[in-house]
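Q: Dumping the structure here so I can ask a few things about it.
The values are calculated or read from the model by the stated rules, or taken from the named source; none is laboratory data. Just so it is clear, the model here is predicted, and its values are computed rather than measured. We place every Cβ from the backbone using ideal geometry, glycine too, and count neighbours over all the protein chains shown. Note: accessible area is taken over every heavy atom of the protein model, side chains too, but ligands, DNA and RNA are not part of it. Shrake-Rupley method; radii C 1.70, N 1.55, O 1.52, S 1.80 Å.
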Amino acid sequence: YKWTQWIFLKLFERGLAYQAEVPVNWCPELGTVLANEEVINGKSERGGFPVERRPMRQWMLRITDYAERLLEDLDTLDWPESLKTMQREWIGRSEGTELSFEVKSHSDRYVVCPINVTSLNVG
């Protein structure tokens, strides 16, 4: 517990921990926020209770600002490769491209940054 507080304070002091109001998966029946992976077809994985999206103030970590360092340092750890793979996927650093779209009935341009361009369905 002492070290958890210490590392959080270090993250906060360096601007890597902050509060923001973000949409979360809220399960009123369980009285908790659920990760995306714990919601299946709008219901909680545990118990099958309805889940709703609602804004909530949360502590957030700017891991994207630190992603490259986190990924590089994983290689120095004496951990099982399966655990390092899970950490890499959780960090979720990705490279992609930026696409700009015009909508015929509007003067606005929309910019998107898809991870997988083949997932776009335009036509």
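Q: Condition first: modelled with pLDDT under 70, open to solvent by 100 Å² or more (accessible area, probe 1.4 Å) and not in a helix (DSSP H, G or I). Now tell me which residues in region 87-121 satisfy that.
A: If the condition is that a residue be modelled with pLDDT under 70, open to solvent by 100 Å² or more (accessible area, probe 1.4 Å) and not in a helix (DSSP H, G or I), then ARG93, GLU95, ILE115, ASN121 are the ones that fit.
Q: Now for a different question. Does TRP3 fit the bill of being out of contact with any Asp or Glu (no Cβ under 6 Å at 6 or more places or on another chain), open to solvent by 90 Å² or more (accessible area, probe 1.4 Å), more than 27 Å from VAL111 (Cβ to Cβ) and free of Cβ contacts under 8 Å to residues at least 40 places away in the same chain? Full working, then the answer.
A: On the way: out of contact with any Asp or Glu (no Cβ under 6 Å at 6 or more places or on another chain): yes; open to solvent by 90 Å² or more (accessible area, probe 1.4 Å): yes; more than 27 Å from VAL111 (Cβ to Cβ): yes; free of Cβ contacts under 8 Å to residues at least 40 places away in the same chain: yes.
In short, yes.
For (1) loosely packed, with under 14 Cβ neighbours inside 10 Å; (2) without any contact (Cβ under 8 Å) to a residue 40 or more places away in the chain; (3) more than 25 Å from LEU9 (Cβ to Cβ); (4) within 14 Å of the chain's Cα centre (by Cα), each residue gets a yes or a no:
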site	(1), (2), (3), (4)
GLU37	yes, yes, yes, yes
SER44	no, yes, yes, no
GLY47	yes, yes, yes, no
ARG69	yes, yes, no, no
THR85	yes, yes, yes, no
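Q: So is VAL24 among the β-branched types (Val, Ile, Thr), open to solvent by less than 100 Å² (accessible area, probe 1.4 Å), in contact with a strand residue (DSSP E or B) (Cβ under 6 Å, 6 or more places away or on another chain) and modelled with pLDDT of 85 or more or not? Before the answer, list the steps.
A: On the way: among the β-branched types (Val, Ile, Thr): yes; open to solvent by less than 100 Å² (accessible area, probe 1.4 Å): yes; in contact with a strand residue (DSSP E or B) (Cβ under 6 Å, 6 or more places away or on another chain): yes; modelled with pLDDT of 85 or more: yes.
Yes; evaluated as a whole, the condition is true for this residue.
Q: Another question, then. Only one of (1) out of contact with any Pro (no Cβ under 8 Å at 6 or more places or on another chain); (2) loosely packed, with under 11 Cβ neighbours inside 10 Å; (3) in a strand (DSSP E or B) fails for GLN58. Which number is that?
A: Result: GLN58 fails condition (2) only.
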